[in-house]
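Let me begin by presenting the structure, written as C-alpha cells, before commenting on it.
Values in this text are rule-based calculations from the coordinates and carry no lab data. Here the structure is a predicted model, which is why all the values come from computation and not from measurement. Counting neighbours? That spans all protein chains shown, and the Cβs are built from the backbone with ideal geometry, glycine included.
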Amino acid sequence: MVKGSRKRPHGSQLQLLGQLEELARSLNIVIRYENLKKEGPFTKGGLCKLKGEYLLIVDSKAPTSDQIQTLAESLVRFDLSKVYLKPGLREFLERMEPHG
C-alpha cells in the first residue's frame, strides 16, 4: 500500500507488477524490495547475479510504474519465447528493449 501524498497505483498496474513478479519467480529470480538511498549514481534497482543465482533488487519507495519498469527491463534479457505468458504481458514485454 502506498503511503503519503503519492497517488495509489491503479489496479491494472498492481496486476501487471504481480504478473512480472510471478514471471521472475518462474525463472528462479529472487526479488528483493529494498529502500534504496539516493546517493552517488542513483539507480532504481536492477538485476545482478550473486553466488550463481539471479537477484533482482527493486526500490521499495519507487512509484509502481518505476518498479514495473525495473522488473520488465530485467526480464526482457531472458529468452521468454518458450515461457507461457498471458497475451497482454507478452505484448507489454515485447515493447520493452533490453538494456545492457
Cut-off is 10 Å between beta-carbons; in what order do 50, 89, 14 appear when sorted fewest neighbours first? 50, 14, 89
Pairs 38/86; 37/82; 49/86: which exceed 31 Å Cα-Cα? 38/86; 37/82
Note the full-extension length gain between residue 49 and residue 84 as 0.36 nm times their separation in residues minus their Cα-Cα distance, in nm to one decimal. 10.2 nm
When a/c is below 1.5 the answer is rounded, else prolate if a/b is larger than b/c, else oblate, so apply that to the stretch 11-94 with a ≥ b ≥ c taken from the square roots of the Cα gyration tensor eigenvalues. oblate
Taking the Cα-to-Cβ direction at residue 39 and at residue 10 and moving 7 Å from each Cα, how far apart do the two end points lie in nm? 3.7 nm
Burial ordering of 47, 75, fewest other beta-carbon atoms within 10 Å first: 47, 75
Show the residues, 5+ positions off or on another chain, whose built amide H is closer than 5 Å to the amide H of residue 36. 60, 61
So how do 61, 51 line up by other beta-carbon neighbours within 10 Å, fewest first? 51, 61
